[in-house]
Amino acid sequence: MEQKDLTDQKHEHSKLSVVTKTMLLNERIAQAANNAAAQSRFSDYQQRKSDQTLRRQRSDLGLFQEFLAFVGVQIDVHLFEDAAGWRSVSWGLVESFVRWQLKEGYAINSINVRLSTVKSYAKLAMQSGFLSAESYAMIRAVTGFGHKEGVRIDQRRENVRVGLKKEEAVVISPIQAALLKDQPNTPQGRRDVLMMCLFLDHGLRVGEVASLITTDVDLPNGLLVFFREKVSKTQKHRMSRDTLDALNRCVAYHDLYIGGPPLPLLRRSMKNKELSAHGMSERGITHRVMVLGKQIGLLGLSAHDCRHYWATAAARHGTDPFVLQEAGGWASLAMPRRYIEENDIANAGIRLNDDAYE
């Protein structure tokens, strides 16, 4: 009897050992999976974002690290790249970062965007195991500013508007728009005319213009096909008369070769004002627009100011908001609504029946 009991005990012990080993193996596999997921969390997230968004996020976190260094918190890695650096981040530091930006005069919208970036990467750090769930919850509770709050704050603080963003767009008149398209009959000048037409007549974003290639042009049908990265959408625009004329001049003078292999639509200038084989970068286009604006007295002109001109002109000439939204590549009506002037009579244009307001 004792021998049987001993055998049964050994059998039970053997079963428990197998279960224990299985559990330990499963735990090790699960932990290895967690570690692998943690290491790739940042890269997986960043692969889903556009280059423009990633540049902004890197800049946002760079300023955050400058602030941390200012208050004595030294982090040896870039918070944009390495989750381990977030071990030193607390909700109090994030809250102080928001208030520091206010004191330094940064725009309310910029402060809100940077706070959103910090929260996004804090979440990734928490998921990677380098920030506790409690710390992340406290960081997530740090709030930015609503529109009305921002207006009140700006009215009371002395130092406002630090950074490259302008408080208001540079206003372009129709005469100034015509002057921007009136450039010398040189390779550089003809390219500049085409560039300004793409901004002023089609409202393209600078990134969209920089990415255009010759195969995007359907010259016989007068169409331009391009990709809007911001809304992940390919669009066709019928080219304006000025845009079509500018393209035809570039082709006639051999500045462009439509119908051949894909080449940059806008090419860089050389010192002799000829064009190189390389395309213009976003930075190069931005600088060139500023130079052309300065020549006619529009200081600080940007490509976005030209987009603002295009949308405002379209709205003033009665373009339907939904048509403007589609043509401008906006995801919602919120942006095109900004360009539509308010009526003196708020319900002007409303029709319920033929004589409801007679």
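A few comments on the model shown:
- Note on region 56-74: residues that are in a loop (DSSP other than H, G, I, E, B) and surrounded by 15 or more Cβ atoms within 10 Å (Cβ to Cβ) amount to 0.
- Residues being under 30 Å from residue 325 (Cβ atoms), polar (S, T, N, Q) and in the same structural domain as residue 195 (by TED's automatic domain parsing) are represented in region 219-231 by at least one member.
- Residue tally, condition assigned to a helix (DSSP H, G or I) and of a type outside the set (Asp, Glu), over region 75-108: 19
- Yes/no for residue 124 being assigned to a helix (DSSP H, G or I), under 19 Å from the mean Cα position of the chain (by Cα) and within 26 Å of residue 229 (Cβ to Cβ): no
- Test for residue 193: is it under 30 Å from residue 329 (Cα atoms), at pLDDT below 90 and not basic (Lys, Arg): no
- Any chance residue 8 is in a loop (DSSP other than H, G, I, E, B), farther than 30 Å from residue 231 by Cα, at pLDDT below 90 and not assigned by TED's automatic domain parsing to the domain that holds residue 228: no
- For region 293-333, a residue qualifies if it is surrounded by fewer than 19 Cβ atoms within 10 Å (Cβ to Cβ) and either of a type in the set (Lys, Arg) or outside the structural domain of residue 182 (by TED's automatic domain parsing) (or both), and the qualifying residues are 294, 316.
- Residue list for region 50-108, restricted to those being within 17 Å of residue 119 (Cα to Cα) and either hydroxyl-bearing (Ser, Thr, Tyr) or in contact with an Asp or Glu (Cβ under 8 Å, 6 or more places away or on another chain) (or both): 53, 59, 85, 88, 90, 96, 108
- If you go through region 86-114 and keep only what is within 16 Å of residue 135 (Cβ to Cβ) and not hydroxyl-bearing (Ser, Thr, Tyr), you end up with 86, 87, 89, 91, 92, 93, 94, 95, 97.
- Count - residues of region 130-159 that are surrounded by 15 or more Cβ atoms within 10 Å (Cβ to Cβ) and modelled with pLDDT under 90: 2
- Taking region 195-308 and the helices (runs of 4 or more DSSP H) fully enclosed by it, the elements with 2 or more residues that are touching a residue at least 40 places away in the same chain (Cβ under 8 Å) and either touching a Phe, Trp or Tyr at 6+ places or on another chain (Cβ under 6 Å) or within 30 Å of residue 54 (Cβ to Cβ) (or both) are at 206-210, 282-295.
- The residues of region 127-136 that are part of a helix (DSSP H, G or I) and under 21 Å from residue 72 (Cβ atoms) amount to a single one, 135.
- Scanning region 170-181 for residues that are under 20 Å from residue 284 (Cα atoms) and either in a loop (DSSP other than H, G, I, E, B) or basic (Lys, Arg) (or both) yields 170, 181.
The values are calculated or read from the model by the stated rules, or taken from the named source; none is laboratory data. Predicted model, so just to flag it, every value in this text is computed and none were measured. Because the Cβ atoms are built from the backbone with ideal geometry, glycine has one as well, and the counts that use them run over all protein chains shown.
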